[in-house]
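Encoded as structure tokens, the structure appears first; notes follow it.
The values are calculated or read from the model by the stated rules, or taken from the named source; none is laboratory data. Note that the coordinates shown come from a computational prediction; the quantities given were computed from them, not determined experimentally. Cβ atoms come from the backbone with ideal geometry, glycine included; neighbour counts cover every protein chain shown. Please note that ligands, DNA and RNA were not included when accessible areas were found on the heavy atoms of the full protein model with its side chains. Shrake-Rupley method; radii C 1.70, N 1.55, O 1.52, S 1.80 Å.
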Amino acid sequence: MLAILHPNTALDSEAYRQTMEYLENLPGVSIRVHEIQGASQRLTEIYLLGDTKSLEKAEIEALPAVERAIRISEDYRILGRHKDDQRQSGFTYNGVEFSQNNLNIFAGLCAVDVPEHVEMMLQALEDNGEVCTRMGAYKPRTNPYSFQGHGKGCLPWVFEKAGKHGTKVIAMEITHESHIEEIDTCLEKLGRPTGVMLQVGTRNTQNFELLKAIGRQSTYPVLLKRGFGITLNESLNAAEYLASEGNANVIFCLRGMKTEAGLPHRNMVDFAHVPAVKRLTRMPVCVDPSHSVGSRDQSPDGILDVMHATAQGVIAGANMVLVDFHPKPEKALVDGPQALLMSELPAYLKDIRLCHETWKKRQAIYQRLRETTAE
Ligand code: PEP
Ligand code: MN
């Protein structure tokens, strides 16, 4: 059971005290309090866990601080969609809105290499009005002798450049909880010129201690990649780990599944799951066409497979695109062969916008259908 308190309920109010006293004394029930800071108001949600079957919704709704109660199912308690659950999806971070209804594009370098390339990338994004990017500083690599990123050494100049070009959010993978502090310390020292979305890579989807550490902080939102060899349910439960520790600002990223059946793509493209994840949870959904397709192969229609895959995800309602670009892919230290070129950026953005608009028109078609059949 979930009790949602009246907006802006003061934690030192009598209504709050009475409500908590009642809830804390329910036999066999433990409670977890979540604070959600929206743009204009603060919401407090209280999760009642354990023996809640015998509780009546009306009994909880009668408490002075409670606005409404929702009976939640076992799966994805915080991030999931439950019956009669009208709660909003998404969040705003550093002035950028993330929801199940809009779209943000994170084009950037798979891995930070030299300042010149970062500069070229950020300049191109600024020229095209984009305020988000991806920049890998900590790279998990299959081969221990491969380049594993510049780590904290590159953070100051990457963040400074991002600030200079008006970049609001950088998706940056972390592979160890100590990286949170490295990023935070650096941003703080520089006066927070940009924001960071902490990315959990597919190799770490079920690294539960890392998830718990990231979930314990709520300064930075999280981009959780789907595990490449586990079920969707297992990956969604991994996202719930973050929320259960206190951070529900989570975006779920589809990036393909590892199987020979996916060939000739690097991974089996799984973007048909975009609407499924949106139906099961309230998380905005991201697609990563670069790590799914993994090449610059092109179909006879003159469109790269990466672009086709992007279109498939966006037309199905994806809310974020995470995609590898590089000004000189032959010089990239990681994943050069799958990178798109700077010259391709404007057309690619146009293609994505077209697909997002088309998704909205598709919704309108079926909305009309529902209205006419209901008449
Ligand atoms: C990445 O986005 O740089 C990455 C390593 O992706 P994944 O974790 O999906 O392999
Ligand atoms: Mn990569």
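Taking the condition assigned to a helix (DSSP H, G or I) and open to solvent by 50 Å² or more (accessible area, probe 1.4 Å), does R362 pass? In short, yes.
Whenever a residue of the range 334-359 is hydroxyl-bearing (S, T, Y) and at pLDDT 95 or above, its partners that are in a helix (DSSP H, G or I) and crowded, with 18+ Cβ neighbours inside 10 Å, lying with C-beta atoms within less than 8 angstrom and at least six residues away or across chains, give the pairs Y348/M307; Y348/T310; T358/I315.
With respect to T219, determine if the residue is open to solvent by 10 Å² or more (accessible area, probe 1.4 Å), out of contact with any Ser or Thr (no Cβ under 9 Å at 6 or more places or on another chain) and closer than 30 Å to L187 by Cβ. The answer is yes for T219. Note on the range 1-17: among residues that are of a type in the set (S, T, Y) and in a loop (DSSP other than H, G, I, E, B), the one that is nearest to I60 (Cα to Cα) is T9. From the list S299, S292, the lone residue that is open to solvent by less than 10 Å² (accessible area, probe 1.4 Å) and small (G, A, S) is S292. Scan the range 262-284 for residues that are under 16 Å from the mean Cα position of the chain (by Cα) and either among the β-branched types (V, I, T) or within 16 Å of ligand 2 (Cβ to nearest atom) (or both) and the total you get is 3. With respect to the conditions (1) within 22 Å of the chain's Cα centre (by Cα); (2) part of a loop (DSSP other than H, G, I, E, B); (3) surrounded by 16 or more Cβ atoms within 10 Å (Cβ to Cβ), F106 falls short on a single one, namely (2). Applying the set (1) more than 16 Å from ligand 2 (Cβ to nearest atom); (2) of a type in the set (D, E); (3) within 20 Å of the chain's Cα centre (by Cα) to E173 leaves exactly one unmet item: (1). Which condition does I60 not pass, out of (1) open to solvent by 10 Å² or more (accessible area, probe 1.4 Å); (2) touching a residue at least 12 places away in the same chain (Cβ under 8 Å); (3) more than 30 Å from P329 (Cα to Cα); (4) of a type outside the set (F, W, Y), if it passes all the others? Evaluating I60 over (1) open to solvent by 10 Å² or more (accessible area, probe 1.4 Å); (2) touching a residue at least 12 places away in the same chain (Cβ under 8 Å); (3) more than 30 Å from P329 (Cα to Cα); (4) of a type outside the set (F, W, Y) leaves (1) as the failure. Taken over the range 228-256, the criterion of being within 16 Å of ligand 2 (Cβ to nearest atom) and open to solvent by less than 40 Å² (accessible area, probe 1.4 Å) is satisfied by C253, L254, R255, G256. Does G215 qualify as being within 16 Å of ligand 2 (Cβ to nearest atom) and small (G, A, S)? For G215, the condition - within 16 Å of ligand 2 (Cβ to nearest atom) and small (G, A, S) - is not met. Of everything in the range 309-326 that's within 16 Å of ligand 2 (Cβ to nearest atom) and not in a helix (DSSP H, G or I), which residue is nearest to D351 (Cα to Cα)? Filtering first and then ranking leaves V321.
Could you tell me which of the residues T372, T358, T259 is more than 16 Å from ligand 1 (Cβ to nearest atom) and more than 23 Å from the chain's Cα centre (by Cα)? Step by step, each of T372, T358, T259 is checked, and only T372 is more than 16 Å from ligand 1 (Cβ to nearest atom) and more than 23 Å from the chain's Cα centre (by Cα).
Residues that are in contact with a Pro (Cβ under 7 Å, 6 or more places away or on another chain) and under 26 Å from G215 (Cβ atoms) within the range 135-172 comprise F159, A162, listed in sequence order.
The listed residues are R77, R32, R87, R68, and the only one of them that is under 25 Å from V222 (Cα atoms) and in a strand (DSSP E or B) turns out to be R32. No other residue among V306, V287, V293, V334 is within 21 Å of M257 (Cα to Cα), within 16 Å of ligand 2 (Cβ to nearest atom), touching a Pro at 6+ places or on another chain (Cβ under 8 Å) and of a type in the set (V, I, T) apart from V306.
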